[in-house]
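**Q** The structure follows.
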Amino acid sequence: MKVETGRGRIPLITLLGIWSISALNALPGLAVSPILGELQKIFPHATELDIQMLTSLPSLMIIPFVLLAGKLTERIDNIRLLQVGLVIFVLSGVLYLMSNKMWQLVAVSGLLGVGSGLIIPLSTGLIGRFFVGRYRTKQFGLSSAITNLTLVIATVIAGYLAEIEWHLPFIVYLLPIVSIILSFQLRKALSQEPEPSPEIDHTDNGLRPHVKVGSNGIGVHHLIEVMLFYGMVTYLVVIVSLNLPFLIEERGMPSGLSGTYIALFFLAIMAPGFILNRLIDIWGRATQLWSMLMIVVGLGLIVVTTNEWFVGLGCVSAGVGYGIIQPIMYDRTTHIVLPHKSTLALACVMAMNYVAILVCPFVVKLFEIIMHDTSQLFAFKLNTFLAAVTMLVAFIYRKSALFDN
């Protein structure tokens, strides 16, 4: 079976290889979540810093290695880089299963971040390599959907395994074995890829109107715009997964709702990826505006109501808004750089996802100090306001290269 790319057809197994890499993006840190409440019992001498390092170190390590991988794709064989990252990822899973001390878990978490950082840019870079035009936009949407669907499924599996034995959730980190096997098919597909003609490059992989690139092949000004906007939107919605469980507890709502709401949130992020092109056809240059409105409404509902159904609706609304913007920003990135720079540019944009996750608690804490409000609801009030401001900026610059579809 063959899959259309916009400039030819590739075997379905090649696409499955690309999708398998996308599925790994959500895994770092996931296996630790189900056992966080038990770590103090498992390791009675572990400090709060130890536990924080266990959860945050993968993201911290991912950022520099995502950028390094993006640069290395210009110099070395991409599939070899991918395979190195996948082997490190699997090795981390094996070492997690063998670790029985907190310092060992922390060290392996750093190694996991290295492996994950090396493969993350290639999950989108390979899409840019094989696909063009609407086919590429569609694949970015599907890639985002697969990432979030894997997150939901793996979270459920890890939670179930944690009830059996605390080591077992780390089995999910062995999933890259599938990608290692499929990577050989990716190598074969790349070796058979015909050299694109200048006409195809200009038509399908060309720059967006009004975009000028420097001698480095990158529209730096436009890339910075994409990075800032994507980082900001990620910061706005990540508050749902980071702070909603604490807000649920503060409001005295059933604690079991936290898992349900967060699952709904990630499923909502997943859903638009399957119909992304259709949504863009309907909304056109207003796509990002409607998406930002959904984020504002979603966060606003969480702020103004304690009704269980409306809070759930708020999670879905915010998730759908982000689920539309994320793949569009990936696609936009490929149109503001020359083709041979797309993986590096995508690495810069994807790094903002992990920057946003890391800085979110510090930004919220800073504003709590300034506003003298330490309630759990304050974080959602702050992000609702910032989302409204971001939507206003998107409206003002709706005809710019960043927002015009």
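The values are calculated or read from the model by the stated rules, or taken from the named source; none is laboratory data. Quick caveat, the model's predicted, so the values are computed rather than measured. A quick note on method: Cβ atoms are made from the backbone with ideal geometry, for glycine too, and the neighbour counts reach across all protein chains shown.
**Q** Which residues, counting only those in the range 252-282, are at pLDDT below 85 and of a type in the set (Ser, Thr, Tyr)?
**A** 255, 258
**Q** Next question, about the same structure. Failed condition for residue 335, given (1) assigned to a helix (DSSP H, G or I); (2) buried (at least 17 other Cβ atoms within 10 Å of the Cβ), with all others met?
**A** (1)
**Q** Mind checking which residues of the range 20-60 are touching a Ser or Thr at 6+ places or on another chain (Cβ under 6 Å) and either over 16 Å from residue 113 (Cβ atoms) or not assigned by TED's automatic domain parsing to the domain that holds residue 101 (or both)?
**A** Residues satisfying the conditions are 20, 21, 22, 23.
**Q** Further question on the same structure: Counting residues that are under 20 Å from the mean Cα position of the chain (by Cα) and modelled with pLDDT of 85 or more, which helices (runs of 4 or more DSSP H) fully inside the range 18-117 reach at least 1? Steps first, please.
**A** Details: elements: 39-42, 48-72, 78-98.
It comes to 48-72, 78-98.
**Q** Okay, next question. Taking the range 317-338, which residues are under 13 Å from residue 138 (Cα atoms) and over 13 Å from the mean Cα position of the chain (by Cα)?
**A** 331, 332 - these are the residues of the range 317-338 that are under 13 Å from residue 138 (Cα atoms) and over 13 Å from the mean Cα position of the chain (by Cα).
**Q** In addition: Might you let me know whether the range 127-136 holds any residue that is at pLDDT below 90, of a type in the set (A, V, I, L, M, F, W, C) and touching a Ser or Thr at 6+ places or on another chain (Cβ under 6 Å)?
**A** yes
**Q** Could I ask something else about it? Within the bounds of the range 239-257, is there any residue that is part of a helix (DSSP H, G or I), closer than 19 Å to residue 324 by Cα, aliphatic (A, V, I, L, M) and touching a helix residue (DSSP H, G or I) at 6+ places or on another chain (Cβ under 9 Å)?
**A** Start the filter on the range 239-257 by keeping residues that are part of a helix (DSSP H, G or I), which leaves 239-251, 257.
Subsequent filtering for residues that are closer than 19 Å to residue 324 by Cα retains 239-241.
From the residues that got through so far, the ones that are aliphatic (A, V, I, L, M) too are 239-240.
Next cut, touching a helix residue (DSSP H, G or I) at 6+ places or on another chain (Cβ under 9 Å) only: 239-240.
So far as the range 239-257 goes, yes, one or more of its residues are part of a helix (DSSP H, G or I), closer than 19 Å to residue 324 by Cα, aliphatic (A, V, I, L, M) and touching a helix residue (DSSP H, G or I) at 6+ places or on another chain (Cβ under 9 Å).
**Q** Only one residue in 343, 306 is hydroxyl-bearing (Ser, Thr, Tyr), in contact (Cβ under 8 Å) with a residue 40 or more places away in the chain, in the same structural domain as residue 224 (by TED's automatic domain parsing) and assigned to a helix (DSSP H, G or I). Which one? Give the steps one after another, and end with the answer.
**A** Details: 306 fails: assigned to a helix (DSSP H, G or I).
Unique residue meeting the criteria: 343.
**Q** While we're here: Of the residues 59, 20, which is touching a Pro at 6+ places or on another chain (Cβ under 9 Å), within 21 Å of residue 127 (Cβ to Cβ) and of a type in the set (Ser, Thr, Tyr)?
**A** Values: 59 fails: within 21 Å of residue 127 (Cβ to Cβ).
That would be 20, the only listed residue that is touching a Pro at 6+ places or on another chain (Cβ under 9 Å), within 21 Å of residue 127 (Cβ to Cβ) and of a type in the set (Ser, Thr, Tyr).
**Q** Here's something else I'd like to know. Among the residues of the range 1-45, which ones are under 30 Å from residue 166 (Cα atoms) and surrounded by fewer than 19 Cβ atoms within 10 Å (Cβ to Cβ)?
**A** The initial filter retains those residues of the range 1-45 that are under 30 Å from residue 166 (Cα atoms), namely 19-45.
Within the range 1-45, 33, 36, 37, 38, 39, 40, 41, 42, 43, 44, 45 meet the criteria.
**Q** From the list 124, 150, which one is surrounded by fewer than 24 Cβ atoms within 10 Å (Cβ to Cβ), assigned by TED's automatic domain parsing to the domain that holds residue 16 and hydroxyl-bearing (Ser, Thr, Tyr)?
**A** Numbers: 124 fails: surrounded by fewer than 24 Cβ atoms within 10 Å (Cβ to Cβ).
Just one listed residue meets the conditions, 150.
**Q** Turning to a different aspect of this structure: Those residues that are in contact with a helix residue (DSSP H, G or I) (Cβ under 9 Å, 6 or more places away or on another chain) and either within 16 Å of residue 288 (Cβ to Cβ) or small (Gly, Ala, Ser) (or both), I need them from the range 371-391; list them, please.
**A** Residues satisfying the conditions are 375, 379, 386, 387, 388, 390, 391.
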